[in-house]
Amino acid sequence: MLRITFLGTGGSLPTRNRNPSAVMVNREGELILFDCGEGTQQQMMRAKTGMMSLSSIFISHFHADHFLGIPGLIQTMSFLGRTEPLTIYGPEGTREFTEFFKILGYCNLKYEIRGVELKPDDIVEGEGYMVRALKTEHSIPSLGYALIENPRPGRFNREKAVGLGVPPGPLFAKLQRGNPVEVNGKIVKPEEVMGIPRPGRTIVYTGDTRPCEEVLEASRDADLLIHDGSFADEMADWAEESMHSTAGEVAALAKEAGVRKLVLTHISSRYTDDADPVLKDSKKVFENVIVAEDLMELEVPYRPD
Ligand SMILES: [Zn+2]
Ligand SMILES: [Zn+2]
């Protein structure tokens, strides 16, 4: 399972229908949060994503709309009896901010929280995936992230295994796990009966940024790109000045990178009543695009073999 839940999709400040930035990834039951704007914990409750299985939070940058939800969330998890450690990753400053979150108010956290600062291209290894930090272009130190799953084993060739004398049953499973087996004094190696490894899925999350080279490169052939789409094209000047992106710019990047699906988020409050201009400007360039809405869920399928 690789499920994305958009907990907050508003840009810079909350509006009546959009919370500030937060994107939850549920990968095989492990919860990974990208940004944690104000009110994220209540959005988790509304979306029923759960919160106690949260293993890590990746913060793109320390503008208030991307991290103010952390103090409340970590205190709630302590109140609910969390004992598992939690790691907060982010750009420079993350360690200091994390220490501050831990002592904010008269809180007495019952579990360990550590802040880890990343630089572009740093890699965090998870179970079955890794997260790579990406250089982005915003007005303060910032990072984007690519979640890259490990390749999956190739397809198991049952007929070939049987032909080599392997009886169906536990020895099949052993081969599928990548171990050689012995039948009638003869060794059968996994590579004799397994196809070539198949790619896992890749998701890129940018946080706030101008369209940039590093994001383009990391998004090549990605299954999902979740990009700052603050503005429609009419606001191009302001997007440049405020170090955000327009729908058309991001659509062009997605097209060049060949991503399978694009989701625009961090939608400016000027589109509170109607985000259609953002969608229209991106559709002109790239067809498979969605403008995120709060509590929207998305499954990321494996690409066909
Ligand atoms: Zn922002
Ligand atoms: Zn920002």
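The values are calculated or read from the model by the stated rules, or taken from the named source; none is laboratory data. Since we're looking at a predicted model, the values are computed, not measured. Cβ atoms come from the backbone with ideal geometry, glycine included; neighbour counts cover every protein chain shown. SASA here: full protein model, heavy atoms, side chains in, ligands and nucleic acids out. Shrake-Rupley method; radii C 1.70, N 1.55, O 1.52, S 1.80 Å.
Kindly indicate which of ASP237, ASP221, ASP233 is closer than 25 Å to ALA252 by Cβ and under 23 Å from the mean Cα position of the chain (by Cα). Please lay out each step first, then the result.
Details: ASP237 fails: under 23 Å from the mean Cα position of the chain (by Cα); ASP233 fails: under 23 Å from the mean Cα position of the chain (by Cα).
After ruling out the rest, the residue left standing is ASP221.
Take the residues of the stretch 7-35 that are over 13 Å from ALA292 (Cβ atoms) and among the charged types (D, E, K, R): which is nearest to ligand 2 (Cβ to nearest atom)?
ARG16
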For LEU2, the lone unmet condition from (1) touching a Lys or Arg at 6+ places or on another chain (Cβ under 8 Å); (2) open to solvent by 60 Å² or more (accessible area, probe 1.4 Å) is (2)
Taking the stretch 103-124 and keeping only residues that are farther than 30 Å from ASN150 by Cβ and open to solvent by less than 60 Å² (accessible area, probe 1.4 Å), one is left with GLY105, CYS107, LEU109
Of THR98, THR87, THR94, the only residue that is open to solvent by 10 Å² or more (accessible area, probe 1.4 Å), among the β-branched types (Val, Ile, Thr) and either within 16 Å of ligand 2 (Cβ to nearest atom) or more than 17 Å from THR265 (Cα to Cα) (or both) is THR87
Taking the stretch 125-139 and keeping residues surrounded by fewer than 16 Cβ atoms within 10 Å (Cβ to Cβ) and either more than 16 Å from ligand 2 (Cβ to nearest atom) or at positive phi (or both) leaves GLU125, GLU127, GLY128, MET130
(1) under 15 Å from the mean Cα position of the chain (by Cα); (2) within 16 Å of ligand 2 (Cβ to nearest atom); (3) hydroxyl-bearing (Ser, Thr, Tyr); (4) farther than 21 Å from ILE123 by Cα all hold for SER60 apart from (4)
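Here is a yes/no grid of residues against (1) at pLDDT below 95; (2) surrounded by fewer than 23 Cβ atoms within 10 Å (Cβ to Cβ); (3) within 21 Å of LEU13 (Cβ to Cβ):
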residue: ALA254; (1), (2), (3): no, no, no
residue: ALA257; (1), (2), (3): no, yes, no
residue: ARG260; (1), (2), (3): no, yes, no
residue: LEU264; (1), (2), (3): no, no, yes
residue: SER269; (1), (2), (3): no, yes, yes
residue: LYS280; (1), (2), (3): no, yes, no
residue: LYS283; (1), (2), (3): no, yes, no
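Could you check the stretch 183-201 and list, in sequence order, the residues that are part of a strand (DSSP E or B), in contact with a Leu (Cβ under 9 Å, 6 or more places away or on another chain) and open to solvent by 70 Å² or more (accessible area, probe 1.4 Å)?
LYS186
Residue-by-condition table, conditions (1) more than 16 Å from ligand 1 (Cβ to nearest atom); (2) within 30 Å of VAL166 (Cα to Cα); (3) not hydroxyl-bearing (Ser, Thr, Tyr):
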| position | (1), (2), (3) |
| --- | --- |
| VAL193 | yes, yes, yes |
| THR209 | no, no, no |
| GLY229 | no, no, yes |
| ALA251 | yes, no, yes |
| ARG260 | yes, no, yes |
| SER268 | no, no, no |
| ASP281 | yes, no, yes |
Only one of (1) at positive phi; (2) touching an Asp or Glu at 6+ places or on another chain (Cβ under 6 Å); (3) more than 16 Å from ligand 2 (Cβ to nearest atom) does not apply to VAL300, and that is (1)
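Can you name every residue in the stretch 57-66 that is more than 10 Å from ligand 1 (Cβ to nearest atom) and in contact with an Asp or Glu (Cβ under 9 Å, 6 or more places away or on another chain)?
Selection gives ILE57, PHE58, ILE59.
Give the number of residues within the stretch 206-237 that are within 14 Å of ligand 2 (Cβ to nearest atom) and either surrounded by 23 or more Cβ atoms within 10 Å (Cβ to Cβ) or not in a strand (DSSP E or B) (or both).
Adding up the residues that qualify gives 9.
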Picked from the stretch 43-58 (must be without any contact (Cβ under 8 Å) to a residue 40 or more places away in the chain and under 27 Å from HIS244 (Cα atoms)), the residue surrounded by the fewest Cβ atoms within 10 Å (Cβ to Cβ) is MET44
The condition from (1) part of a loop (DSSP other than H, G, I, E, B); (2) more than 16 Å from TYR145 (Cβ to Cβ) that SER60 misses is numbered (2)
Going through (1) within 16 Å of ligand 1 (Cβ to nearest atom); (2) open to solvent by 50 Å² or more (accessible area, probe 1.4 Å) one by one, SER142 fails only at (2)
Report task. Test ILE32 against the stated conditions and say whether it is of a type in the set (A, V, I, L, M, F, W, C), over 19 Å from GLY229 (Cα atoms) and open to solvent by less than 30 Å² (accessible area, probe 1.4 Å). Result -> yes
